[in-house]
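The values are calculated or read from the model by the stated rules, or taken from the named source; none is laboratory data. Quick caveat, the model's predicted, so the values are computed rather than measured. Ideal geometry is used to build each Cβ from the backbone, glycine not excepted, and the neighbour counts take in all protein chains shown. Side chains included, ligands, DNA and RNA excluded: accessible areas come from the protein's heavy atoms. Shrake-Rupley method; radii C 1.70, N 1.55, O 1.52, S 1.80 Å.
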Amino acid sequence: ETIAAIEGDFDLVFIDADKPNYDAYYEAVLPRLSKRGLIAIDNTLWSGRVLAPEDDSTRAIAALNDKLAADERVVCVQLTVRDGVTLVRRR
């Protein structure tokens with residue numbers, strides 16, 4: 001609801017919130033990303049738990065990682081900074 005209420009395009013979006021809703025945030029901001037905009041998604045390595053997810057938050061992050069890797073709308077890179085940061089830009 002908050003994202004929809006903000007006017008204009010986004011140059012930079014930092015996603016670090018409710019992990020099960022990471023995909024919803026991603027889908028909400030992607031169409032509003034400016035031409036050279038960037039999405040930074042935090043905690044995408046989740047202390048390595050994404051390799052064997054056992055809870056809803058971890059499963060959500062792992063699923064988003066897989067989705068991003070296959071999403072032809074974007075180019076992304078996962079950085080091993082702290083707990084993982086994935087940078088995403090539109091093609």
Close pairs (8 angstrom Cβ cut-off, 6 or more residues apart or separate chains): farther than 11 Å from Leu64 by Cβ and of a type in the set (A, V, I, L, M, F, W, C) in the stretch 38-53, open to solvent by 50 Å² or more (accessible area, probe 1.4 Å) and in a loop (DSSP other than H, G, I, E, B) anywhere: Leu45/Thr80
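Filter the stretch 68-87 for residues that are in a helix (DSSP H, G or I) and either open to solvent by less than 70 Å² (accessible area, probe 1.4 Å) or of a type in the set (Val, Ile, Thr) (or both) and give the result.
Scanning the stretch 68-87 gives a single hit, Leu68.
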Do the conditions hold for Asp16, that is, is it modelled with pLDDT of 95 or more and surrounded by fewer than 11 Cβ atoms within 10 Å (Cβ to Cβ)? no
For the stretch 1-13, give me the residue count where each residue is in contact with a Ser or Thr (Cβ under 8 Å, 6 or more places away or on another chain), open to solvent by less than 60 Å² (accessible area, probe 1.4 Å) and not hydrophobic (A, V, I, L, M, F, W, C). 0
Of those in the stretch 38-58 that are open to solvent by 50 Å² or more (accessible area, probe 1.4 Å) and of a type in the set (A, V, I, L, M), the residue modelled with the highest pLDDT is Leu38
How about the stretch 19-31: which of its residues are touching a residue at least 12 places away in the same chain (Cβ under 8 Å) and either under 15 Å from Arg59 (Cα atoms) or open to solvent by less than 50 Å² (accessible area, probe 1.4 Å) (or both)? Lys19, Pro20, Asn21, Tyr22, Asp23, Tyr26, Ala28, Val29, Leu30
